[in-house]
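Asker: Below is the structure I would like to discuss, written out as structure tokens.
All of the numbers you see were taken from the coordinates with simple rules; none came from a lab. Since this is a predicted model, take the numbers as computed values, not measurements. So basically every Cβ, Gly included, is an ideal-geometry build from the backbone, and we count neighbours across all protein chains shown.
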Amino acid sequence: MDSQHGTAARTEIATLGGGCFWCLEAAFVQLAGVESVVSGYAGGATQNPDYRNVCGGTSGHAEVVEVRFDPAVIDYRTLLLAFFAIHDPTTPDRQGNDVGSQYRSVIFTHGAEQEETARALIAELATAKTWPAAIVTAVSPATTFWPAEDYHQNYFARNPMESYCRFVVAPKAAKLRKVFAGRLKT
């Protein structure tokens, strides 16, 4: 409850995969209206997948983040714009040197409104020729979200000097700060 106004605060969920979940988490946690970001797995058949199963390509899951956000502060479309700003949606099963179906570009939608928003934005970006190649981002109904192991949570914040974080995660987080400067947490 919002004690000042006596109304229940509304939180929505976005589940997004676009390469390594460390990159997505480090970017999304910066946005005003984002209440939490949890790294995890979705879209596969294995129950209780772990990092080894997912990275081995045997589970069918993608590395994703579950973003809980306040739509009164940041809407779903803006979250998707941030998502498209920080990864390459034109490379099937790949983001830079991260290769495999676990790194696929995917939007797992929570309801018809999210699906409509995602498909409309992809069509808009394709028409605008935002990228030189076709967008391959899949849009699918949300499946079970499995949180990743604890050591993956807040990875960039806890390991900023690790080489992958310095050379891959940090530039994506910096790009989000530049492109969404007016939407950052204060």
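Asker: Any idea which of V99, Y41, S140 is furthest toward the positive side of the dipole for the chain, if Lys and Arg beta-carbons carry +1 and Asp and Glu beta-carbons -1?
Answerer: V99
Asker: Classify segment 25-123 from the C-alpha gyration tensor, please: rounded if a/c falls under 1.5, else prolate or oblate depending on whether a/b exceeds b/c.
Answerer: Prolate.
Asker: Show me the ranking of peptides 81-88, 32-39 by mean Cβ neighbours inside 10 Å, starting with the highest.
Answerer: The most tightly packed comes first, giving 81-88, 32-39.
Asker: Another question, if that's okay. Could you compute the net charge surrounding V106? Neighbours are other residues with a C-beta less than 11 Å from the C-beta of V106; K and R count +1, D and E count -1.
Answerer: Summing Lys and Arg as +1 and Asp and Glu as -1 gives -1.
Asker: Near K129, which lysines are there with a Cα under 28 Å away, not counting those fewer than 8 places off in the same chain?
Answerer: Output for K129: K172, K175, K178.
Asker: Let me ask you something else. Taking the chain on its own, what percent of its Cα-Cα pair distances exceed 29 Å?
Answerer: 17
Asker: Between A120 and D93, what is the label-point separation in nm under the 7 Å Cα-to-beta-carbon projection?
Answerer: 3.3
Asker: Each label point is 7 Å from the Cα along the Cα-to-Cβ direction; what then is the distance between the points at T186 and K129, in nm?
Answerer: 4.1
Asker: Below 8 Å, C-alpha to C-alpha, sequence gap of six or more: please give me the relative contact order for the chain in percent.
Answerer: Once normalised by length, the contact order is 30 percent.
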